[in-house]
1. Between ASP265 and PHE160, what length comes free when the chain is fully extended (0.36 nm per residue of separation minus the Cα-Cα distance, one decimal in nm)?
2. From the square roots a ≥ b ≥ c of the eigenvalues of the alpha-carbon gyration tensor of segment 262-317, which class results: rounded (a/c under 1.5), prolate (a/b over b/c), or oblate?
3. Run the 1.4 Å probe and let me know the accessible area of SER65, rounded to the nearest 10 Å².
4. Ordering HIS28, HIS353 by how much accessible area each has at a 1.4 Å probe, largest first, what is the list?
5. Determine the order of ARG235, ARG390 by accessible area, beginning with the largest, at a probe radius of 1.4 Å.
6. Between ARG234 and ALA151, what's the calculated FRET efficiency when r is the beta-carbon distance and R0 is 30 Å? Round to 0.05.
7. Mind listing the phi-derived Karplus ³J(HN,Hα) values for segment 466-473, rounded to whole Hz, using 6.51, -1.76 and 1.60 with θ = phi - 60°, and x for any glycine or proline?
8. With all protein chains present and a 1.4 Å probe, how do TRP92, TRP454 order by accessible area, largest first?
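The values are calculated or read from the model by the stated rules, or taken from the named source; none is laboratory data. Treat the numbers as computed from the prediction; the structure is a model and nothing was measured. Methodologically, a virtual Cβ is constructed for each residue, glycine included, from the backbone with ideal geometry; neighbour enumeration extends over all protein chains shown. Heavy atoms of the whole protein, side chains included, go into the accessibility calculation; ligands, DNA and RNA do not. Shrake-Rupley method; radii C 1.70, N 1.55, O 1.52, S 1.80 Å.
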Amino acid sequence: MTISKQATSRFPAALWHSFRHLADTCAHHFNADLRASLFSAALAVLALKVGALAILTKLSLLVVSNQALLSAPQVALDGNGPIVLYLSENQWQQRYLERAPLDRCKLAEDLAQLLAHQPRQLLVDFDLSPAMQESQAGCQQQLDQLLDRHADQLVLLMPFRVGSDALLGQKAAWLEQRCRAGVVFGDGALNVSLGAVIDFVPESQAMADAMHERHSVALCRQLGTAEGRERWLRRGAETDADDSSAEAINFAGFSKQVVALALDDPAVRQIANWRGRDVFFGGDYGGSKDDRFLTPMGPLPGVTIHAAIAWTQAHPVRELPHAVGLLTDLLTAFVFSLGIGYFWSRYLKLSLHGEGYQRENSTLLVLGFVAYFAAMLWLFFQLSVALFMRGVLIAPLLIGMSMLIDGFVRGPIAASLELGEAEPPQRALMAPQVMAASLTCIALVLLVPRLHHWSMGTQLLVLTPLATLLDRILPVLWPVPQAHHVVAHSGYPRSHLLAWLLAGVLGGLALQRYVAPDVGLLLAAFSGVIAGLLLLLAVGLVRALHWRSFRRPQGWQLARLLGLSRAASGWRELAGVLSFCLRHGAYWLVLVAALIVMSSH
């Protein structure tokens, strides 16, 4: 009985000791990687700003969109989403007799039937401008009258570009008449990236822009000038769109709402609620099959992609703000550093100090680290898919590249440096350099928004030397105290950490079940793990802070404040001082530039 009571009384103490050990370990890894993680995250922000990592973002979007659409849901015909109707191969052969351009009388009949349902708007992905055929003149006039009567409901495709002056003048005159009646036109070009349509350029005079906001497209005003007519109607005058501001198309959400049917499908007659819904009418037959594009939903006709873009503009997929992305990079580096600290430290110990066949176990550790990296990357891809289906886009390939650099470049270097220390590391005290970097970043975050009216060059010229000076002075004002409690981090608490992560998973799943049932299981479990690690990190950092260690220096001379114990002598030492200043100046130049970019958004 006495032994049982002693064991019961010791259990809370042992649990608290394990928790403190985990917290100190987390703080140790965070302190060791903070400065390098800040630099890599700032570089990622700048690279995204100038488009240097656009290819990785597009690849991530393509994979994530595809994964989010593996299971296509059944959509109710009487929902509230868009309706996509297209001429099928059968209709083109039997009703339109495989003629091009399409018979204007029959096309007017089909459009009249659609407009009789009184949709909110009708987008027509056909070139309805007159051709040079006299036999079609009467039918063209009938079609034009129908278009003018329903001008406030119509969004039409800009006529195809032509080479002859006569045909260009004819199309320009037809466009002028329709514009006076109030018809809105839009460009039908789509943005193809990596061989597929995965994003679009907003405010590009596209048909989807007109569907989203009719008055946002100004093609009619531009066609009133000779320059505008040449730009939009002359063959060979096309200009490449700048896709630096491209936004992701929300195919995952669109697939849950769209009703896509052939015009002669019997299910069309079962649609009852046409009013208030947007209708998109185009072709998917014969030569129009050249207007099919590869998408995450598979090959789709252009009219369906226009519908997806219009729906996306009302239900956009948003990328994380730069500030949130930077914090995500820091959190990713911290989580990944836990695995780096485990695998590489043991790999080096076995490689350098292992005996006999024990040294061969180092190969298993490398394979284990590769498996750990692959599992983390898969987890981030699944998390990206879950967030994408909720309207948030993150680029897991960017995260994977960051983890790759951390794991195979910085990881071995950090482990070898720690292994070469003569003494075991102290308890996770906040290193003066880490404290200096944190306080300098806080000062910059407060200063940069107040200097937004300055040019970027002026801000860099003023803030970079200031940040470099603070980073050098603060460690002198805040020296690291002597620690009496020593924890050897070589004894990594694996079982304790796994138990704590399992508790986080269970907590996240419980929260999903009883509080937020709309959140997916994977997202809930991941959130629980991250919350548990952040709690450990917070406790570890609080234990690492020693506010009483601040002290006033013995003198305020510049050399003493900069930490110089003596004057530099000789050209080699002067070159070393110059190199030191350049290295720290370049470090803070990148961080200041990233903060300026983040504050401008």
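1. Working it through step by step, the gained length comes to 34.9 nm.
2. oblate
3. The value for SER65 is about 0 Å².
4. Largest accessible area first, the residues go HIS353, HIS28.
5. ARG235, ARG390
6. Here the calculated transfer efficiency is 0.70.
7. Along segment 466-473, the couplings run 4, 5, 4, 5, 4, 4, 8, 7 Hz.
8. Solvent-accessible surface, decreasing: TRP454, TRP92.
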